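**Q** Sharing a structure with you now.
Every number here is computed from the coordinates shown, using simple stated rules; none is lab data. Everything quoted here is computed from the prediction, not taken from an experiment. Because the Cβ atoms are built from the backbone with ideal geometry, glycine has one as well, and the counts that use them run over all protein chains shown.
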Amino acid sequence: MSLRPFRVLLPLALVAASVLALAGCGNKVEVRTLAETEGIYVDVGELRYQVQLSRIINPNDEEDKFYLEGLPAGVPPPKPTEAWFGVWMRVQNSTGSKRLTAAEEFEIVDTQENEFTPIEVKNPFSYEAQEMAPNTVVPSSNSPAGEGVVQGSLILFKLTTEAIANRPLEFKIQSPALPDDVGIVDLDV
């Protein structure tokens, strides 16, 4: 009996088994809770968050002035060792049937474990936690934040210049429904 047919059939059988194994993986959805850079979606709860951009905001710049409108009375301007810092984000509810509430707790952490929380600001570009209908995106495409170049809603921070130098900065997003469910994005500063 010749071994030649087995030499031909064995590789073909291995290829077929590999194709079948890979085909079975095609319907799995990847869950990502850590992004090493901006622009990558992270999954927090059943919502997907994407940091569009992060940068220092210059209150003397004509465009940036609008981002700082609506600060609460009594919020002092940054000291010489501080700076306004913006994170622009999109949130996506990809579920076909569930209304879900977007996150309202965020934090920036530097490499020295210094933590910074957002400063509330109310203007057409600012992020607002809200209940999202199925298959929707925040900001909506017909809002000032959604129509802009960045296409993200602003979350405003006041960081120390020392923290900005302690990179990478981690932007943390906490699920409102599951407090232990946190997404982390390394910010491109």
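**Q** Report the label-to-label distance for Glu69 and Gln112 in nanometres (one decimal), using points 7 Å from each Cα along the Cα→Cβ vector.
**A** About 3.6 nm, to one decimal.
**Q** Pairs to check: Lys79/Lys172; Lys65/Lys158; Lys65/Lys122. Give those whose C-alpha atoms are more than 18 Å from each other in this structure.
**A** With Cα atoms farther than 18 Å apart: Lys79/Lys172.
**Q** Now for a separate question. Counting other Cβ atoms within 10 Å of each Cβ, which chymotrypsin sites (Phe, Trp or Tyr not before Pro) in the range 90-174 have at most 11 and sit in a DSSP loop?
**A** none
**Q** Please give me the summed charge of the neighbours of Gln92: other residues whose Cβ is under 11 Å from its Cβ, Lys and Arg +1, Asp and Glu -1.
**A** Combined, the nearby Lys, Arg, Asp and Glu give 0.
**Q** Of all DSSP beta bridges in the range 28-187, what percent run antiparallel (nearest 5)?
**A** Looking only at bridges with both residues in the range 28-187, the antiparallel portion is about 95 percent.
**Q** May I ask you to derive the relative contact order of the range 60-189, considering only C-alpha pairs under 8 Å and at least 6 residues apart, and to give it as an integer percent?
**A** 32
**Q** How much net charge surrounds Val185 when only the other residues with a Cβ under 11 Å from the Cβ of Val185 are counted, with Lys and Arg +1 and Asp and Glu -1?
**A** -3
**Q** Please work out the C-alpha center-to-center distance from the range 90-113 to the range 65-84 and express it in whole Å.
**A** Going from one Cα centre to the other spans 24 Å.
**Q** Next question. In nanometres, what is the gap between the two model label sites at Asn58 and Ala165, each 7 Å from Cα along Cα-to-Cβ?
**A** Calculated label separation equals 2.1 nm.
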